[in-house]
Amino acid sequence: MAAQDGGMAEAGDMAQLRWEGFGGDLELIREQLTRLVERAQGRAILLMDTAGRLLSWVGDEPRFDVTTFVSLLAADFCATRELARLLGEEQFHSVSHQGEAVSLYLTQLTEGTILALAYDQETTLGLVRYRVGQALPEIAAAVRAGLGRARAEVEPLGESFGAEARDQVARFFDSLL
């Protein structure tokens, strides 16, 4: 795959995982994403949350500002969800953008996470959709399991937390006077 100007550069199997507090098997998810990008004959897969934070990138290395790119992808997907609601649909489950050299396929992985697969003219949207559809349940299960473990490890705040916090804030400001 030749890199296009302003697009993605080949970097072997670049993989990033940025899930602070995630209780899941990050290596398993990375392996699942790597298999998917290979089977779909894609260039890269981005896993992000709906707030626009990159959770994982597997495949070709980007040659642009990833933070901006992921934020725009998440905003695009969320805007499409609102368009669906205006049309009386609960949501559109996937979004596709066709380019001359690089195209994108976005789909909801779990509540709060979006998977985006970048591909070039060496593959087709049909193959991408088929392979993503095959892999989605397994990847989503791994993500849900990890998020569930992370939530279970978080201790709930005690009933008196609010009052204690107010007292601490009041003491802090009193000490400034």
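The values are calculated or read from the model by the stated rules, or taken from the named source; none is laboratory data. Because the structure is predicted, anything quoted here is derived from the model rather than measured. Neighbour counts run over all protein chains shown; Cβ positions are idealised from the backbone, glycine included.
Of the residues in the range 44-72, how many are touching a Ser or Thr at 6+ places or on another chain (Cβ under 6 Å) and either among the aromatic types (Phe, Trp, Tyr) or crowded, with 20+ Cβ neighbours inside 10 Å (or both)? Here the count works out to 2.
Of all residue pairs spaced 6 or more apart or on separate chains, those with beta-carbon atoms under 6 Å, a first member in the range 74-94 that is free of Cβ contacts under 8 Å to residues at least 40 places away in the same chain and of a type in the set (Phe, Trp, Tyr) and a second member that is in a helix (DSSP H, G or I) and surrounded by 12 or more Cβ atoms within 10 Å (Cβ to Cβ) are PHE92/THR80; PHE92/ALA84. I need every pair where a residue in the range 98-118 that is within 15 Å of GLU138 (Cα to Cα) has its Cβ under 7 Å from the Cβ of a residue that is surrounded by fewer than 23 Cβ atoms within 10 Å (Cβ to Cβ) and of a type in the set (D, E, K, R), sequence separation at least 6 or different chains. Taking only residues 6 or more apart or on different chains, the pairs are THR110/ARG144; THR113/ASP49. Entry remark, the range 75-91: residues being within 17 Å of the chain's Cα centre (by Cα) and hydrophobic (A, V, I, L, M, F, W, C) number 4 in total.
Residue-wise test of (1) at pLDDT 90 or above; (2) under 12 Å from the mean Cα position of the chain (by Cα).
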position: MET8; (1), (2): no, no
position: GLN32; (1), (2): yes, no
position: GLU38; (1), (2): yes, no
position: GLN41; (1), (2): yes, no
position: ILE45; (1), (2): yes, yes
position: LEU54; (1), (2): no, yes
position: GLY59; (1), (2): yes, no
position: LEU73; (1), (2): yes, yes
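Just name the residue that is surrounded by the fewest Cβ atoms within 10 Å (Cβ to Cβ) out of those in the range 73-120 that are in a helix (DSSP H, G or I) and of a type in the set (A, V, I, L, M). Top of the filtered list is LEU86.
For the condition at pLDDT 95 or above, under 18 Å from LEU73 (Cα atoms) and among the hydrophobic types (A, V, I, L, M, F, W, C), VAL128 qualifies. Among the residues of the range 27-54, which ones are assigned to a helix (DSSP H, G or I) and touching a Lys or Arg at 6+ places or on another chain (Cβ under 8 Å)? Within the range 27-54, LEU36, VAL37, ARG39 meet the criteria. Looking at the structure I just gave you, is SER94 modelled with pLDDT of 95 or more, touching a strand residue (DSSP E or B) at 6+ places or on another chain (Cβ under 7 Å) and not basic (Lys, Arg)? When the stated conditions are applied, SER94 does not pass them. Residues in the range 152-168: is at least one closer than 17 Å to LEU54 by Cβ and not in a loop (DSSP other than H, G, I, E, B)? No, because not a single residue in the range 152-168 is closer than 17 Å to LEU54 by Cβ and not in a loop (DSSP other than H, G, I, E, B). Selection of the range 126-137 for residues being out of contact with any helix residue (DSSP H, G or I) (no Cβ under 6 Å at 6 or more places or on another chain) and surrounded by 13 or more Cβ atoms within 10 Å (Cβ to Cβ) yields LEU127, VAL128, ARG129, TYR130, VAL132, LEU136.
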